[in-house]
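Worksheet: one structure, shown below.
The values are calculated or read from the model by the stated rules, or taken from the named source; none is laboratory data. Here the structure is a predicted model, which means the values were calculated and not measured. Ideal geometry is used to build each Cβ from the backbone, glycine not excepted, and the neighbour counts take in all protein chains shown.
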Amino acid sequence: MIQSLTPVVPVERIEPSAAFFAKVGFAVTVSVPEDDHMGFAILSSGTAEVMYQTRSLIEEDSEAFKAAAQTTPVLLFVQVDDIEAVEAALQGEEIVMPRRETFYGSKETGYREPGGHIVTFAQFPPQEG
């Protein structure tokens with residue numbers, strides 16, 4: 001029934017967040033202008049997608065979205081093949097969770113992307129069998 005699920009991340013400006021994700025292989029595949037900047041964008045890497053929209057455009061969509069766009073933080077979880085490559089690509093970005101190994105076997109590290117949201121990157125061990 002469900003064909004896809006993609007988060008829409010509210011930010012003041014999309015360009016800094018797009019640059020953050022470009023470091024780990026995402027590209028802007030669709031964008032909608034808002035004045036002199038992007039108001040909406042789809043960032044894609046392979047089959048993974050994330051949508052960014054400015055808070056001002058979100059507020060135009062619905063009164064119910066207005067408060068959510070201002071107060072709801074987004075936590076993104078991104079599964080990767082090589083956590084060390086991600087850490088090298090994001091050197092200098094704000095780390096909010098130093099690399100750790102979880103009880104379920106993944107290596108994870110978390111960053112705050114320029115829009116203020118938290119992105120956890122996780123590398124799972126190879127599947128046996």
State whether one or more residues within segment 16-27 are under 19 Å from ALA89 (Cβ atoms), of a type in the set (Val, Ile, Thr) and touching a residue at least 24 places away in the same chain (Cβ under 8 Å). yes
Against the definition (in contact with a Pro (Cβ under 8 Å, 6 or more places away or on another chain), polar (S, T, N, Q) and at pLDDT 95 or above), how does SER31 come out, yes or no? no
Among the residues of segment 88-110, which ones are over 19 Å from GLY46 (Cβ atoms) and in contact (Cβ under 8 Å) with a residue 24 or more places away in the chain? GLU93, LYS107, GLU108, THR109
Of (1) within 17 Å of the chain's Cα centre (by Cα); (2) within 19 Å of PRO7 (Cα to Cα), SER62 satisfies all except one. Which? (1)
